Amino acid sequence: MTNNYMSADYLFEVSWEVCNKVGGIHTVISTKAKSLQADLEDRHILIGPDVWRGTGENPEFEEDKTLFPAWKQQALNEGLRMKIGHWKISGRPIAIILDFTTFMSNKDEIFSQLWESFKLDSISGQWDYIEPTLFGYAAGKLIESFTRFQLNTRLKVVAQFHEWMCGGGCLYLNDKFPQVATVFTTHATVIGRSIAGNQLPLYGKLSEYDGDDKSNDFNVSSKQSLEKLSAQNADAFTTVSTLTSKECKQFLKKEVDVVTPNGFEDSFVPQGKEFDKKRKAARELLLKVAGKITGEELGEDTLLLATSGRYEFRNKGLDVFTDALGKINKSGEMKRDIVAFYLIPAHHYGPIQNLRRALEEDTPFMDDSNSCLTHNLHSPEHDPILGKIMENELQNKEGNRVKIVYVPSYLHGDDGVFNLPYFDLLIGFDLTVFASYYEPWGYTPLESLAFKIPTVTTTLAGFGLWVKDEYGEVEHGISVVERDDDNYKETVDGIAEAISTIALLDEKAYQKARDEAWEISRIAEWKNLVDNYLKAYDIAISKAQRRTKLYVDMERPELISSQISADKPNWKKFIGNENIPPKLSKLEQIYSNLYWSWNVKATELFQSIDPELWEKSHHNPHEGRMGHKRSLPDFLPYSVIHFP
């Protein structure tokens, strides 16, 4: 990496989505890990919640009981319960999943301390605030424990906390353990999301809103308080787009230090013949399911269209998307079948059994309700997507050019209908649309581009704006439709036009659009964007180093200062010979190379030889080597002086 930034010797990255796929942050961290590993190797440690405790095995995590056994026992004595192992992603980085529930019994004391130290307002916080805040706090204590036990004060240690949920750890380290440089990253502000989700204009009236006042209106004052305090107290504060940086300045009263756009590693995208094979299989399955639901034989030239993401009806632009489909369908001008898939997890109770049976037995799907659903919804009469579909008369009636398939299930490979993970299904689509109103970044369009799928997004998505600024003129690989608080109809028209344009391309032009989509995705590879994170770490390390006097040698006895009284040094030459047994000669090679100081296995090796001497020598094998079997005074002339 070509920069002059100070590098972290150890990096801890804390998120509710480490080994726990909830949303886009999971993609951010899991794909970035490989780029950070290139320099940090096993010194990049990720921390997530043990949400699978007591219910089964976490499918993303593999425990490794050989990692840090001595420290784990010490942490256990300190009340920290965890599993240490590897995140089962590319590079298999070290991950720690933390059981934060042990802190529940002390929550009142913890929140009282945070109030006294930072004025964190936790009074109105419900369980969706209490649990993640305690997780963040526990993660902060874990990082402190690891650093005290495994590392030394000469090392540059950085801890990055993602989103308000982890802010408790940022505040804890700021207050209790100043050696660690802290970075706080918000991916979407609490108040911005709340305003947009409550049908209020956000961007046109941004300067008129006070974050603290609005937090009371939406009953999110505790979350707002934690997010604001984390941003203001972290050594470095980042967010993912210039769009969100404006929210941060207004709602959190803190300008970001660095904008860190989200990148990706395309290791999850199959290559060559494997790509073609998976695309073919996915298209066949999508057409088969759509054919069963619509009761029609759909040709190979059918345009397969998708939108996906969290169920945020307005924020994700699901209203605009559906109205655009209705406009296309009513126009009567479309000469090609379009099947639009809504891949939006909702409250369902399993796959529709008649559909499942029809797919397994290859028989007609008998359904008198003309449903577009693949899974049974609770209270479908109150579902906004279904309501909008009915309003636009998109109930898969015979003769409709636009067909609908609504998939209200997470796609982990066990949904009961497709039984494929999301990416293995995504590869089969021809176009994706994300008509977002509130989208601080927007990973879904980027993922589509990586799979050579043209995509449509808006100027209210951070990624859409970023592409316009960074890539320049685009023909069909991506369409970025202008959207603001007041142009709903124009946005519908723009989305409908973008869909129709792709649908009308001939095979050669469409292949060119696919190639262009892939080319655009290249500018968002982590190798092009990770420097933004390194810059944030550099800022944090610089601030931490200014407070060196608060932590250097904080637990070490003063060994030499009282021994030095001469005004002038009296230099003498001496030669020291040592007799190391041949079987232990390799140890000399290890401790003669500073490599040992940041290699965990090496430090554990030295500690295991003589734990008592390891402590007496202040975790320095040079001191331990020369002081072994000598009294402390005899040892002093040979000891290594520590400089901060």
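The values are calculated or read from the model by the stated rules, or taken from the named source; none is laboratory data. Predicted model only: the values in this text are computed from it and were never measured. Neighbour counts are summed over all protein chains in view; Cβ atoms, including those assigned to glycine, are modelled from backbone coordinates with ideal geometry.
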| When the residues of region 367-390 are filtered to those that are within 17 Å of residue 409 (Cα to Cα) and of a type in the set (A, V, I, L, M), which remaining residue is surrounded by the fewest Cβ atoms within 10 Å (Cβ to Cβ)? | 377
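Report those helices (runs of 4 or more DSSP H) wholly inside region 98-182 carrying at least 2 residues which are basic (Lys, Arg). Steps first, answer last, please.
Values: elements: 107-118, 127-150, 167-176.
Passing ranges, in order: 127-150.
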| field | So residue 85, is it in contact (Cβ under 8 Å) with a residue 12 or more places away in the chain and more than 30 Å from residue 245 (Cβ to Cβ) | value | yes
| From the set of residues in region 450-491 that are within 26 Å of the chain's Cα centre (by Cα) and aromatic (Phe, Trp, Tyr), which is surrounded by the fewest Cβ atoms within 10 Å (Cβ to Cβ)? | 471
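Having 3 or more residues that are in the same structural domain as residue 516 (by TED's automatic domain parsing) and modelled with pLDDT under 95 is the bar; report the helices (runs of 4 or more DSSP H) wholly within region 347-441 that clear it.
Numbers: elements: 353-361, 384-391, 422-426.
Counting at least 3 such residues, we get 353-361.
For residues that are surrounded by fewer than 16 Cβ atoms within 10 Å (Cβ to Cβ) and assigned to a loop (DSSP other than H, G, I, E, B), scanning just region 257-298, find the one that is modelled with the highest pLDDT. Reasoning before the result, please.
First, pick out the residues of region 257-298 that are surrounded by fewer than 16 Cβ atoms within 10 Å (Cβ to Cβ): 267, 271-277, 280-281, 284, 288, 295, 297.
Next, from what is left, pick out any that are assigned to a loop (DSSP other than H, G, I, E, B): 271, 295, 297.
Working: 271: 92, 295: 89, 297: 89.
Only one residue tops the list, namely 271.
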| Identify, please: which residue in region 128-176 is closer than 17 Å to residue 10 by Cβ and among the small types (Gly, Ala, Ser) and is, among those, farthest from the chain's Cα centre (by Cα)? | 145
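Going by what's in this entry, would residue 155 be described as touching a strand residue (DSSP E or B) at 6+ places or on another chain (Cβ under 7 Å) and farther than 21 Å from residue 225 by Cα? Let's see the steps before the verdict.
Values: touching a strand residue (DSSP E or B) at 6+ places or on another chain (Cβ under 7 Å): yes; farther than 21 Å from residue 225 by Cα: yes.
Judged against the criteria, residue 155 is a match.
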| message | Please go through (1) surrounded by fewer than 22 Cβ atoms within 10 Å (Cβ to Cβ); (2) touching a Gly at 6+ places or on another chain (Cβ under 7 Å); (3) within 30 Å of residue 112 (Cβ to Cβ) for residue 254 and return the number of the only condition it doesn't satisfy. | response | (2)
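Going by what's in this entry, would residue 340 be described as surrounded by 16 or more Cβ atoms within 10 Å (Cβ to Cβ), of a type in the set (Gly, Ala, Ser), at pLDDT 95 or above and more than 19 Å from residue 490 (Cβ to Cβ)? Before you say what the answer is, go through the steps one by one.
Values: surrounded by 16 or more Cβ atoms within 10 Å (Cβ to Cβ): yes; of a type in the set (Gly, Ala, Ser): yes; at pLDDT 95 or above: yes; more than 19 Å from residue 490 (Cβ to Cβ): yes.
So residue 340 passes the test.
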| query | Is it the case that residue 310 is assigned by TED's automatic domain parsing to the domain that holds residue 384, under 22 Å from the mean Cα position of the chain (by Cα), in contact (Cβ under 8 Å) with a residue 60 or more places away in the chain and outside any helix (DSSP H, G or I)? | reply | yes
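Inspect all residues belonging to region 355-366 and state whether any of them is of a type outside the set (S, T, N, Q), on the phi < 0 side of the Ramachandran plot, without any contact (Cβ under 8 Å) to a residue 40 or more places away in the chain and surrounded by 12 or more Cβ atoms within 10 Å (Cβ to Cβ). It would help to see each step written out before you state the result.
In the first step, residues of region 355-366 are kept if they are of a type outside the set (S, T, N, Q); the result is 355-362, 364-366.
In the following step, the residues that additionally are on the phi < 0 side of the Ramachandran plot were identified as 355-361, 364-366.
Cutting the leftovers down to without any contact (Cβ under 8 Å) to a residue 40 or more places away in the chain gives us 357, 360-361, 366.
Within this subset, residues satisfying the condition of being surrounded by 12 or more Cβ atoms within 10 Å (Cβ to Cβ) are 357.
The answer is yes; a qualifying residue exists.
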